[in-house]
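Below is one structure, written out as structure tokens; comments come after it.
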Amino acid sequence: MSEPRVARGSLRMRVMLIPTTVLLLGMLAAAAGTLYAARARIGSETQSGVGMASLLIGYALDELTTDRDPDTALLRLRRELAEVRHVRVVYRPDATPSTPPSVETGGTPRWFLALFEPARMMTSFPLIVRGVPRGELVMWTWPADEVAEIWNGLVFLAGLLAAVATAIVILLYSSARFALKPLHDLEQGLDRLEHGRFEALAAIKVAELQRIGERFNRLASSLARSEEQNHRLVDRLLSVQEAERKELARELHDEYGAALFGIRAAASCIFDTASAASPSDPSAGEISDRAQTISRLADTIQKQNYRILDRIQPVVLHQMGLVEALRHLVETWQTTHRDCSCSLVLAAPLPALCEDASLACYRIVQECLTNVARHARAKRAQVVVEREDGGTGERSAGIRIIIEDDGVGLPEDFRSGFGFLGMNERVRKFGGRLSVGKGLNSGTRVEAFIPLAPDFGLPQSERAASTQKCTPAADVSVGS
């Protein structure tokens with residue numbers, strides 16, 4: 001099976017990329033168009049200013065020759081020429097060479113002025129009053145005003161386009177998020193399916209995705225039915241398994257126990273008969289030895305039978321209760337597996353449990369210790385059984401069981417087998433939770449929580465009738 005490819009981009013960003021790119025290109029085109037027409041605009045505006053200033057100077061000089069107060073008229077003329085755009089007029093009383101006035105940028109970058117400002121032109125107008133030369137007026141072209149207007153217009157246009165583009169990008173992002181919400185809902189639905197929650201999606205109102213949503217809901221419904229059927233099947237299998245264990249335990253106890261007792265009794269009779277025989281009989285000693293051997297073999301088989309009975313149907317659980325059964329289980333396991341130290345921690349007195357709940361707790365610990373012996377290669381294991389009070393929140397009271405070891409831990413490709421499946425189903429039957437993960441010492445940690453049924457909070461006298469049958473709590477999800 002090929003490895004899935006790593007996603008290299010967001011669909012939402014891809015949806016936004018084309019309009020955003022078009023906007024940026026439009027902004028660049030608008031700026032380029034403004035700059036392209038700048039030189040022609042500067043030239044035409046400068047020529048217009050020069051023409052207007054030339055006419056004004058010509059009329060003023062004609063009037064100046066006949067004016068009674070030429071100095072006042074000249075001063076008035078210079079003030080009027082200062083209002084003409086795109087030119088600068090300088091009065092030169094003598095014939096000294098004139099240099100162009102310095103440029104005031106007015107906030108316009110000098111590189112922009114140098115880029116678009118054309119070469120300056122100079123025009124001289126001799127000033128003659130009543131036939132006497134009074135110097136001249138020198139007019140320079142002054143395109144910096146128009147360049148500043150172009151720069152300010154370009155800045156305003158860029159700001160306006162940036163604001164519009166930002167608003168459009170925000171609208172595109174919101175629109176893309178709204179348009180892609182059905183895909184997000186589908187993604188969350190698939191995550192829920194992965195974790196065993198087969199919830200249907202709300203109706204998708206996008207025509208292109210509506211059929212996918214309907215198919216998804218049908219798939220979720222089918223998986224929910226399959227899950228329910230699997231749960232019922234596993235529950236039935238566990239019930240059949242426990243029934244078969246009880247039947248087998250009864251057969252071992254009644255039939256094999258009686259047969260072994262008969263063998264031991266017969267061996268004892270043979271031994272007594274052989275002992276009473278004549279000492280001169282050479283076969284009497286051999287018969288006694290054989291009878292003792294048969295008795296010892298019967299004792300060995302009887303002990304093996306007791307161990308098998310204890311495993312398939314723990315008698316101590318029904319006789320002494322869950323706490324003593326767990327102690328017996330841990331001690332027996334420790335005797336068999338001396339290379340691993342196992343301890344049992346009872347954090348608080350446990351409540352009286354029904355037969356099914358006690359058996360579920362016992363089987364969970366039994367299965368976990370079996371896994372520790374088979375797979376963990378651990379040096380230390382610990383079993384913690386405690387009661388957890390629900391408090392005033394939604395958490396219910398129950399029994400928490402924690403089995404932790406310091407072994408090799410879970411493999412990377414870990415998949416739960418029949419043992420974990422059985423534990424899951426036993427816990428699920430009571431509406432509990434089961435989790436399997438890494439322990440504090442890089443080993444394995446199995447944690448099970450079995451809620452207490454509502455009748456466990458009643459006094460012992462009112463609860464006596466319900467101890468033979470459990471009332472499972474509300475079913476919740478089980479993680480593994």
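Observations
- Karplus-derived HN-Hα couplings along the stretch 338-345 (A = 6.51, B = -1.76, C = 1.60, θ = phi - 60°), whole Hz, x at Gly and Pro: 7, 7, 10, 8, 10, 10, 10, 10
- Here Lys438 is the anchor, and the lysines within straight C-alpha reach of less than 27 Å, apart from those fewer than 8 places off in the same chain, are Lys379, Lys429.
- Restricting the stretch 158-220 to GluC sites (Glu not before Pro) in coil, as DSSP defines it, with at most 15 other Cβ within 10 Å: Glu199
- Per-residue HN-Hα couplings for the stretch 406-417 [Karplus 6.51, -1.76, 1.60; θ = phi - 60°; Hz; x = Gly/Pro]: 10, x, 6, x, 7, x, 5, 9, 5, 9, 5, x
- Amide H contacts under 5 Å for Ala381, placed H, 5+ residues apart: Ser341, Cys342, Ser343
- For the pair Ser239 and Leu25, the difference between a 0.36 nm per residue extended length and the Cα-Cα distance amounts to 69.8 nm.
- Taking amide H positions as modeled 1.01 Å from N, with prolines and chain starts lacking one, the residues under 5 Å from Met121 and 5 or more places away or on another chain are Thr141.
- Sparse-neighbour loop sites [GluC sites (Glu not before Pro); the stretch 350-437; at most 12 other C-beta within 10 Å; DSSP]: Glu394, Glu412
- 20 Å cut-off, amide nitrogen to a point 7 angstrom out along Arg215 Cα→Cβ, residues in the stretch 163-181: 180-181
- Label point 7 Å beyond Cα of Ser416 along Cβ direction - residues of the stretch 206-248 with amide nitrogen under 18 Å: 223-239
- Database remark: amide H of Leu353 closer than 5 angstrom to no amide H (H placed geometrically; neighbours at sequence offset of 5 or more, or on other chains; Pro and chain starts carry no H).
- Extension gain for the segment Glu208 to Ile287, taken as residue separation times 0.36 nm less the Cα-Cα distance, is 19.2 nm to one decimal.
- In Hz, Karplus ³J(HN,Hα) per residue of the stretch 240-245 (6.51, -1.76, 1.60; θ = phi - 60°; x = Gly, Pro): 5, 4, 5, 5, 5, 5
- With a Förster radius of 35 Å applied to the C-beta separation of Asn230 and Glu355, the computed FRET efficiency comes to 0.90.
- The slack in the chain from Glu194 to Ala179, taken as 0.36 nm per residue of separation less the alpha-carbon distance, amounts to 2.9 nm.
Rule-based calculations on the coordinates, nothing more; no lab input. Just so you know, these numbers come straight off a predicted model, no measurement behind them. Don't worry about glycine lacking a Cβ; one is built from the backbone with ideal geometry, like all the others, and counts go over all protein chains shown.
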